[in-house]
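Accompanying notes for the structure given below.
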Amino acid sequence: MSPEVLPDDVAALRVLVVAERAEKARLIEERDQLAGQNDRLRHLLRQLQRMQFGRRSERLDPDQFNLALEDLEQAVAASEAEQEKADPALRKARSEKRHAGRGALPEHLPRVEMSSDRKIPSARAAAARCM
């Protein structure tokens, strides 16, 4: 209501103030009801989405998991390589650790001595010698 339209009578002004407060209280109650209804609708929407998509859509593909593991392994290997470049003693220790568990070749495998001026024998030639 604009100030020009307001009555000069105190009783009439009180009636207007009481009416405005009642209107404000009604609007607040309506807002709260609508907020509650929105919350219930959001809850129903989430339930329907779970029913439609469910836990299946949340599962990781095993290949995706393997890719993540490969990424981690590559990151670790790159970090170790950087450390080895920085510290030659660390490189020697890791090399010895890698070679320690290998042991000798089994007796049934052919031994091929190589010199720097000789070519590497083909797998076919090595297999022919074993037979």
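Rule-based calculations on the coordinates, nothing more; no lab input. None of these values were measured; they are calculated from a predicted model. Cβ placement follows ideal geometry from the backbone for every residue including glycine, while neighbour counts extend to all protein chains displayed.
Spin-label model, Ser79 to Leu67: label points 7 Å out along the Cα-to-beta-carbon direction sit 2.2 nm apart. Full extension of the chain between Arg111 and Ala86 gives 5.4 nm of extra length, using 0.36 nm per residue less the Cα-Cα distance. Note on Gln52/Ile28: beta-carbon distance plugged into 1/(1 + (r/R0)^6) with R0 of 30 Å gives a FRET efficiency of 0.25. What the Cβ-Cβ distance of Val18 and Arg40 gives, at R0 = 22 Å and to the nearest 0.05, is a FRET efficiency of 0.10.
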